[in-house]
Amino acid sequence: AHDPVTVTVTGAAGQIGYALLFRIASGAMLGPDVPVRLRLLEVPQAVRAAEGTALELTDCAFPLLAGLDVMDDPAKAFDGANIALLVGARPRGPGMERAELLSANAGIFSVQGRAINDGAAPDFRAVVVGNPANTNALIASAHAPDVPARRFTAMTRLDHNRAVAQLAAKAGAAVSEVRNVAIWGNHSASQYPDISHATVSGRAASSLVDQEWIEGQFIPRVSQRGAEVIAVRGGSSAASAANAAIEHMKLWIQGTPAGDWTSMAVPSDGSYGVPEGLFASVPVTAAGGDYAVVRDLDISDFSRSRIDASVAELAAERDAVRGLGLL
Ligand code: NAX
């Protein structure tokens with residue numbers, strides 16, 4: 001039998017947490033043979049609500065749920081953790097300045113980074129979901145110097161899935177026919193959803209749609225989809241975000257399918273002109289529990305300018321955090 005894997009979820013009482021925890025406990029992330037010990041980390045005022053979620057998790061009698069703890073102490077939450085889904089973050093309140101938002105989140109992710117550094121398991125892996133996700137991953141990693149930076153990632157799989165779904169709908173094809181869509185840069189409105197390498201049923205996507213659709217419809221729709229969901233649903237993306245977080249981890253651990261890749265924000269090694277160390281989304285393949293950035297893709301002038309613009313935003317976020325003395 002497999003040893004239980006310890007999975008720490010922050011923001012456990014939030015709406016993504018509620019959509020995430022039951023699926024992890026059911027085996028959707030790690031597979032049907034892997035028992036899971038769940039650690040739910042919340043701020044003190046939300047611990048009781050997380051305990052309510054824990055009651056329901058218990059009531060599912062999941063055969064794979066080997067442990068369940070709710071806590072507000074990061075040191076305890078990350079002690080021995082194999083996997084962390086860092087969902088909890090400080091949302092931008094009304095009238096909140098950008099600097100306030102960055103500093104509130106730097107406070108959260110620096111503390112969690114240190115706790116991870118001191119206690120996480122040697123095979124530790126993290127995905128940051130809480131926004132600003134890329135920069136939060138950078139901060140957590142910077143405070144965990146003993147953990148390889150590449151074990152910290154930020155989620156752009158939701159953007160990736162949104163892009164796949166939009167392209168499939170436009171081409172009149174099943175989503176399963178779409179391959180090699182990529183998200184570049186920041187998980188923000190500046191992101192670049194790229195179909196220049198994509199295929200639909202084996203045909204180049206660029207031969208099925210025109211540049212006008214790409215620039216006028218596809219890119220804005222994907223990059224503004226979060227706002228569209230808020231406007232229509234009256235709440236931000238939750239189940240789709242939870243689903244993407246599960247897929248992000250599952251693909252990293254179990255590998256990407258042959259002939260396809262996924263998108264993840266990972267610390268740059270300098271490839272594709274992204275300054276080293278910035279957490280930028282790139283296409284990656286995964287195998288044997290590790291991932292690799294897809295190499296040597298041709299980048300058109302259009303793609304180059306879109307990637308550069310989003311990466312410039314990431315550099316500005318990093319500089320702002322540095323300027324506040326938080327990095
Ligand atoms: P909610 O406000 O419903 O839940 C967030 C939870 O995090 C709250 O329960 C809060 O108490 C908790 N929290 C705050 N600080 C914490 C800390 N220091 N330790 C532990 N828990 C803490 O937000 P939800 O809708 O669940 O969204 C969570 C985050 O995901 C937000 O930052 C949101 O912007 C981000 N998103 C990221 C997406 C992505 O694609 N990367 C898409 C969906 C989502 O918008």
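Data for the structure
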item	result
Nearest-ten-degree value, helix 157-171 long axis tilted from longest Cα axis of the chain	40 degrees
Separation in nanometres of the label points that stand 7 Å from Cα toward Cβ, at Ala239 and Ala312	4.0 nm
Range in the chain, longest, excluding exposed GluC sites (Glu not before Pro) [loop by DSSP; at most 10 other beta-carbon atoms within 10 Å]	98-275
Reciprocal of mean inverse Cα separation for the stretch 5-154 (Kirkwood radius, Å)	15.3 Å
Against the rule of thumb 2.2 N^0.38 Å, how large the Cα Rg of the chain comes out	0.96
Per residue accessible area of the stretch 165-311, 1.4 Å probe, in Å²	43 Å²
Choice from His197, His248, His187 with maximal GNM fluctuation in the chain (Cα, 10 Å cutoff)	His197
Degrees, to the nearest 10: 239-254 long Cα axis against longest axis of the chain	90 degrees
Rounded if a/c under 1.5, otherwise prolate or oblate - the stretch 208-299, Cα gyration tensor axes	oblate
Charge tally in the Cβ shell below 14 Å around Gly88, where Lys, Arg are +1 and Asp, Glu are -1, Gly88 excluded	-1
Share of Cα-Cα pairs in the stretch 157-316 lying beyond 18 Å, as whole percent	58 percent
Distance cut-off 17 Å, percentage of C-alpha pairs in the stretch 216-265 lying past it	52 percent
Antiparallel bridge percentage (DSSP; both residues within the chain; nearest 5)	45 percent
Nearest-ten-degree value, helix 98-119 long axis tilted from longest Cα axis of the chain	60 degrees
Among Ala144, Ala204, Ala286, residue whose mean-square fluctuation peaks in a GNM of the chain (springs only between Cα atoms under 10 Å)	Ala204
Over the chain: helical MRE at 222 nm, DSSP H runs n ≥ 4 each giving -39500 (n - 2.57), nearest 500	-12500 deg cm²/dmol
Average accessible surface area per residue within the stretch 1-90, 1.4 Å rolling probe, Å²	44 Å²
Net charge, Ser271 excluded, C-beta distance under 12 Å - Lys, Arg +1, Asp, Glu -1	-2
Distance from the stretch 149-187 to the stretch 212-264 (C-alpha centre basis), Å	6 Å
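The values are calculated or read from the model by the stated rules, or taken from the named source; none is laboratory data. Remember, predicted model here, so these are calculated numbers, not experimental data. Glycine also receives a Cβ, built like all others from the backbone with ideal geometry; neighbour counts cover every protein chain displayed. In case anyone asks, the SASA skips ligands and DNA or RNA and just uses the protein heavy atoms, side chains included. Shrake-Rupley method; radii C 1.70, N 1.55, O 1.52, S 1.80 Å.
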